[in-house]
Every structure is written in C-alpha cells, then in structure tokens.
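In what follows, a single structure is set out as structure tokens and then discussed.
No lab work stands behind these numbers, since they all come straight from the coordinates. Keep in mind that this is a model prediction, so the values were computed, not measured. In this analysis, Cβ positions are derived from the backbone assuming ideal geometry, glycine residues included, and neighbour counts consider all displayed protein chains.
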Amino acid sequence: EAGVAQSPRYKIIEKRQSVAFWCNPISGHATLYWYQQILGQGPKLLIQFQNNGVVDDSQLPKDRFSAERLKGVDSTLKIQPAKLEDSAVYLCASSPHVGRENIQYFGAGTRLSVL
Amino acid sequence: AQRVTQPEKLLSVFKGAPVELKCNYSYSGSPELFWYVQYSRQRLQLLLRHISRESIKGFTADLNKGETSFHLKKPFAQEEDSAMYYCALRVQGAQKLVFGQGTRLTINP
C-alpha cells in the first residue's frame, strides 16, 4: 500500500513569511497527526485529527499555526508568520483506527528552514 | 505530565557485541511503550511494541513497571542496525505518542 505522502520535502523561507505543508494519509486511515521535530529532539505532537475533527491541539501554537483536514482525508498545516524557532522537520502520520492495535505510520517529513 | 527519557544521545558498539538502548518513562497510569527506528534516508517506522512481546530483527524490549523502563536489547549487533532509535509512550485512552529525544546507534565493523 502507498505510504503517507508529504510535500514539499524541503522549504526555505524568511522569518515573518508564511508557509504551508500538505499531507495525504494512507487510504482509509481515520486518524491523522502532525508532529514537529526540532533538531536533536524527538517528534512532538502538534495536532491530531479523527476524521475531520480535532482531537488534540493542546501543543499547537495557535497564534501562528493552523491546520485543517477537510473531508477527513488530506490535511494542511500552515505557519503564519514564521519565526526562526519554527525551523524543524514537520512529520505527518496516520493510523487506521482507535485501540491497542493502533499503529502510526509516518511520512518522510518536510524540512523547514526559517532564515 | 508524561515524559520519556533516553539518556544516551550517541551509542557506539562493535559488530557482534551486545547492544542496549536505554529508555525510562514517567507516567502514573498504564502505559503502552514503543520503539521506533529511523534508518538513514528512510522514514520513521515502528520497530516493536511491548504488548506484542515479540522479537524484531533480533531486538527485544521488556517493560519493567517497577523501574519504569523499556530498554531495547540485541545480543549481537549488526552493521545494518546503525540508525536513530526513539522510545515512545502512549498514554491510556489517548492515541498520541510522546517521544524521547532519540539515541543514534552506530555499529562499527
């Protein structure tokens, strides 16, 4: 089966600019996650969707970050305006269903550099 | 709050030697623990999880609730084991994963 698709793979912007990332989860996966991974750290959850509803966005900096999952399939994550500390890899993951068998599958990530 | 600690950022062992990657967690409830691995130029992928109690690529990990640990072990390291390893915790009733900072394992020939 096709994996989680993310684009772009790399993005370089200047601070105060806007940027958007796109994620296409594995077909049929109800749950979608966006993680931020800063260099030298493990991934940190930003937001979790169950179909098109938000389950957890407690660690999303809502003053500058936004995300949506229209129609419960693809998702976009936006940063506006970007700060230097937003430089990181943004990982999208999806999982098929809720429960103990719920395994997350990760995309290749988008590496963002804010100059 | 939940926390996962991987005390070693870097670990280097020789091929054929035993390897142990340490993971400790902080969580008052009943945790689910995972090990994820990222090989060079590949995406993050699940290696094993404690509820399966299985050995994957020769690796095993036992959940020790008394010591709040989930160390990853392999008796004889191979060069292809070189990768970044992340320990992760899923709290009861939730789906999100809390990751440790990762350990870069290098197997020397």
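Below are the figures for this structure:
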| quantity | calculated |
| --- | --- |
| Among (1) within 14 Å of B:LYS73 (Cα to Cα); (2) out of contact with any strand residue (DSSP E or B) (no Cβ under 8 Å at 6 or more places or on another chain); (3) within 12 Å of chain A (Cβ to nearest Cβ), the one test that B:SER30 misses | (1) |
| Scan of region B:32-47 for residues that are more than 17 Å from A:GLY42 (Cβ to Cβ) and in contact (Cβ under 8 Å) with a residue 12 or more places away in the chain, ordered by number | B:SER40 |
| Where B:GLN2 falls short, out of the listed (1) crowded, with 19+ Cβ neighbours inside 10 Å; (2) within 13 Å of another protein chain (Cβ to nearest Cβ) | (1) |
| Filter result (at negative phi and either among the aromatic types (Phe, Trp, Tyr) or free of Cβ contacts under 8 Å to residues at least 40 places away in the same chain (or both)) within region B:82-102 | B:TYR85, B:TYR86, B:ALA94, B:GLN95, B:LYS96, B:PHE99 |
| Of residues in region B:60-81 being small (Gly, Ala, Ser) and either at positive phi or surrounded by 17 or more Cβ atoms within 10 Å (Cβ to Cβ) (or both), the one farthest from the other protein chains (Cβ to nearest Cβ) | B:ALA77 |
| The lone exception for B:LYS74 - which of (1) over 30 Å from A:PHE49 (Cβ atoms); (2) free of Cβ contacts under 8 Å to residues at least 40 places away in the same chain; (3) among the basic types (Lys, Arg) it fails | (2) |
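Conditions (1) surrounded by 12 or more Cβ atoms within 10 Å (Cβ to Cβ); (2) part of a loop (DSSP other than H, G, I, E, B); (3) of a type outside the set (Asp, Glu); (4) under 10 Å from the mean Cα position of the chain (by Cα), marked per residue:
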{"site": "B:ALA17", "(1), (2), (3), (4)": "yes, yes, yes, no"}
{"site": "B:SER30", "(1), (2), (3), (4)": "no, yes, yes, no"}
{"site": "B:TYR36", "(1), (2), (3), (4)": "yes, no, yes, yes"}
{"site": "B:ARG41", "(1), (2), (3), (4)": "no, yes, yes, no"}
{"site": "B:GLN92", "(1), (2), (3), (4)": "no, yes, yes, no"}
